[in-house]
Structure formats: structure tokens, C-alpha cells
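First up is the structure itself, then whatever we jot down about it.
Read the figures in this text as sums done on the coordinates, not as results from a lab. From a predicted model like this one, the values you see are computed outputs, not experimental measurements. Counting neighbours? That spans all protein chains shown, and the Cβs are built from the backbone with ideal geometry, glycine included.
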Amino acid sequence: MTPPPRRARRPAAAPDPRHRRGAAGEDAALAWLTARGLRPVARRLRTQLGEIDLLLRDERTYVAVEVKARSGPAAERAVGERQLRRVARALRALVPTLRPRPASLRVDVVAVELGPDGGARAIRWFPGRPFDPR
């Protein structure tokens, strides 16, 4: 008996400019934060409770980073309290899987201002307040 024919794959859609801008912002933020001593753990981490753009470690503090990349200034204004709470819930849900065990957790915001060429013109880091992982 012959197997059923495979369905033809649709050609990949052209990447959305927002996704390219977001990826460029995440790349710039990751390079900037690692240059300041944070260690990368994961990128674009999806959980049932939300997505974490970057997960880094600063000693035994795990840091979820929400990255906002815009072509104009003040990209950080696009991050609201509701979004930060969602990222914090997603981070707290990951605690049982994190090694070494976290002493504390933190949610930071990194705003990346992109130039006309798509490169980072300015990066602003807004560290959050550490909170208990329990």
C-alpha cells in the first residue's frame, strides 16, 4: 500500500518588517547586556503564560528582559504594567526548571532606538526591582 501524498508546503511568507525590527532590537540588547556581565540563558522563550524576549542570568538572579525596538525615541513607553506582570508570571512559572536555583528574579526593559540602517542608535536599560522566586 502506498502512503498518501504529502501536502505541498506553502512558500514562506516574506518576513514582517516588525519582526525584523524586533529581532534587530533583541540582537542589540543581548550584545549590550552581555557586555555588561549578564549571561544569556534563552531567547524568545514561549510559555503558556507569555513570551520572554531574553532570559539572562546575573549571578543567581534570573532576568527576563522585555525588548522594545523603535525607529524613534522613547520605545520604553510601549511597555505597560500589564505586560510586565505577564512577563513576571511567565518567569515565575519557569523557576522549577532553572538551574542553578534562582535567589531572586527580575524583569527589565531594554529600549532600542534603531537608526535608518536598522542598527542600534541608542540603547536604554531599565532594570526592574528583584522579587522572590517563590
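The radius of gyration of the Cα set in region 17-126, together with its Dmax, comes out at 13.5, 42 angstrom. Under the shape rule built on the C-alpha gyration tensor, where the axes satisfy a ≥ b ≥ c, region 21-86 is oblate, since a/c reaches at least 1.5 while a/b does not exceed b/c. Rounded to the nearest 500, the helix-only mean residue ellipticity at 222 nm of the chain stands at -8000 deg cm²/dmol, with each DSSP H run of n ≥ 4 adding -39,500 (n - 2.57).
So what's the net charge close to residue 100: Lys and Arg +1, Asp and Glu -1, counting the other residues with Cβ under 9 Å from its Cβ? My count for the surroundings of residue 100 gives +4. Compared with the alpha-carbon gap, the fully stretched path from residue 82 to residue 129 is longer by 15.3 nm at 0.36 nm per residue.
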